[in-house]
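Have a look at the structure below, then the notes.
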Amino acid sequence: MKTTGKDQKVPCGAEPAATALVTVDVANEVRAIKPMNAVNNGPVGARSTQSRGNFADFRALRVPYARTHDSINQATSNGHTVDISAVFPDFEADENDPASYDFAYTDKFLETIIAAGTKPFFRLGQTIENGIKKYHVFPPKDFAKWARVCEHVILHCNEGWCDGHRWGIEYWEIWNEPDAELDENRHMSCQWQGTKAQFFELYKIAAQHLKKCFPKLKIGGPALGWRPDWTDEFLAYQRAAGTEIDFFSWHDYNYRPDLVIGGKVDRFRALLDKHGYTKTESILNEWNYVKNWTTDFPYSARAISSVKGGAYAAAYMSLCQNSPVDMLMYYDARPATVFNGLFDFYTFAPLPAYYALFSWADLRDLGTQVPASVGPAAREDGTIVTAVAAKDADGSLGVLVARFCDDGNVTASEPFTLRLASGRFVGRVRGYLTDADHLHSPVHLFPSDEATVTFTLAPNAFIYIETRFAAFAPDASRNERKKVHHVN
């Protein structure tokens, strides 16, 4: 996968003096690299020689989790996938009778995800209904029965019930964006047609029942999207009812990756802690670039699939790595949606954001985050520069540097210096550059000394740098540094 484009030799002497400094402290450790590269929905397998598929590239992406929301629109689903109304089409039927269920397309969809080396993150509920008439996003007639139906879905997937499987799916999410209420124009919600109180009650009944049936699984939700003010009430209600929440999920779409930091990500963590849910995971399981949802939405759609969307993804994951959020899930991996910046609509070929997630998978393969600082991280023109670095126990190092700018008037490239603190390079330093002219193209970087290398990034670009290093004590002499050849 790291063969896109031709190698380019970039002599240090050809670069202007670097103005931005990225410092990586290879002698220290921060935490494990988080699963920031999870996605919504899985790969598409080609059905014949005349159809397209992206299975091989999806598998190469090493996606840790694929959320199943909106999967009813996945290719080949024919509208019979994942949703409760799809697997249990007649709510008046006996929920204990295997004949009441239709798992055919859901099984195929999940099998394809699992075959790609990805774990499903199963959303229990309904796909968004944007049409003029709503069919399945109403409150269930019987909340307890709905919970028992969900129980049987889990039994089918994990315990072999109804000619089922033993997939060990860990995450089970209750509903999606129930807070998308009537807007100022009186447009109906496309996610939940009931009241806030009704949803709180449904969640309580379903979560408590499923946790009782499957105490070792992670039961959570509710994938809040639009009304952060719901959170305090929702958590207070569930705490008073004694409901366990293994993970709290929520969504964020904006036009600057730094807006989520100090905003929703910190606010939701603080509210979880306030209500005693200190061990509850905070999972941001829908995110992408959106300038706005009205006049600039066509621009947003173009940006998502461009190098700007790729730089946004790289910067967003990097910022969230150092924030109190436990997992990100990019929306969306389905090629047939404007929110997909991973695969080309026509050819399924990888797009720039694909390589942002691919680079993150490389960081996760290394495993251990080491400190990486950027100076300055923000510019007066609105440019955001981020850096995340990781190492393994054998002395391999990866660094992801992103330069994102929402202002189209910023056109100048910027020189950077990458410097190792408490360490030196051992062997070759190679970068994989993505910008308007490169798509994960390999470039050779030539250190100017044992711990310094320079490179240049255009606006909305990112580079993944890989090398090997040797670490030493900060006060080590030059002779002592030369004796260090590897990291134990």
Projected onto the charge dipole of the chain (unit charges on the beta-carbon of Lys, Arg, Asp and Glu, signs +1, +1, -1, -1), the Cα from 427, 99, 161 with the largest positive-side position is that of 427
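For a quick check: sort 295, 231, 386 by the number of other beta carbons within 10 angstrom, fewest at the front. The partial results should precede the final answer.
Working: 295 8, 231 22, 386 26.
The most exposed by this proxy come first: 295, 231, 386.
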About its Cα centre, the chain carries a charge dipole, from +1 on Lys and Arg Cβ atoms and -1 on Asp and Glu Cβ atoms, whose size in debye to the nearest 20 is 1160 debye
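Please compare each pair in 145/218; 119/308; 108/391; 141/204 to a cut-off of 26 Å on the Cα-Cα distance and tell me which ones are over it.
Numbers: 145/218 20 Å; 119/308 28 Å; 108/391 37 Å; 141/204 16 Å.
Exceeds cut-off: 119/308; 108/391.
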So what's the gap between the Cα centers of the range 222-236 and the range 272-300, to the nearest angstrom? 12 Å
In whole angstrom, note down how far apart the Cα centers of the range 106-180 and the range 418-458 are. 44 Å
Could you order peptides 141-148, 81-88, 254-261, 36-43 by the average number of other Cβ atoms within 10 Å of their residues, highest first? 36-43, 81-88, 254-261, 141-148
Ranking 233, 201 by Cβ neighbours within 10 Å, fewest first, what do you get? 233, 201
Once you have a ≥ b ≥ c as the square roots of the Cα gyration tensor eigenvalues for the range 108-174, tell me rounded if a/c is under 1.5, and otherwise prolate or oblate according to whether a/b is larger than b/c. oblate
Which percentage, to the nearest 5, of the DSSP beta bridges contained in the chain is antiparallel? 55 percent
The ratio Rg/Rh over the Cα atoms of the range 136-216, Rh being the Kirkwood inverse mean 1/r radius, stands at 1.06
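Determine, for 316, 346, 464, the number of other Cβ atoms within 10 Å of each Cβ, and report the residues in order from fewest to most. Write down the numbers at each step before the final one.
Details: 316 31, 346 8, 464 24.
Sorted ascending by nearby Cβ count, the order is 346, 464, 316.
Over the chain, what is the relative contact order in percent, taking alpha-carbon pairs closer than 8 angstrom and at least six residues apart? Please list the in-between numbers first.
Details: 1105 pairs, mean separation 99.8, N = 488.
Reported as a whole number, the value is 20 percent.
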Cα-only radius of gyration and Dmax that characterise the range 38-366, units Å: 18.9, 57
Helix 104-115 axis, angle to the chain major axis (alpha carbon atoms, nearest 10°): 20 degrees
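Quick note: the coordinates plus some simple rules give every number you see, no bench work behind them. Note that the coordinates shown come from a computational prediction; the quantities given were computed from them, not determined experimentally. Note: ideal-geometry Cβ built from the backbone for every residue, glycine included; neighbour counts use all protein chains shown.
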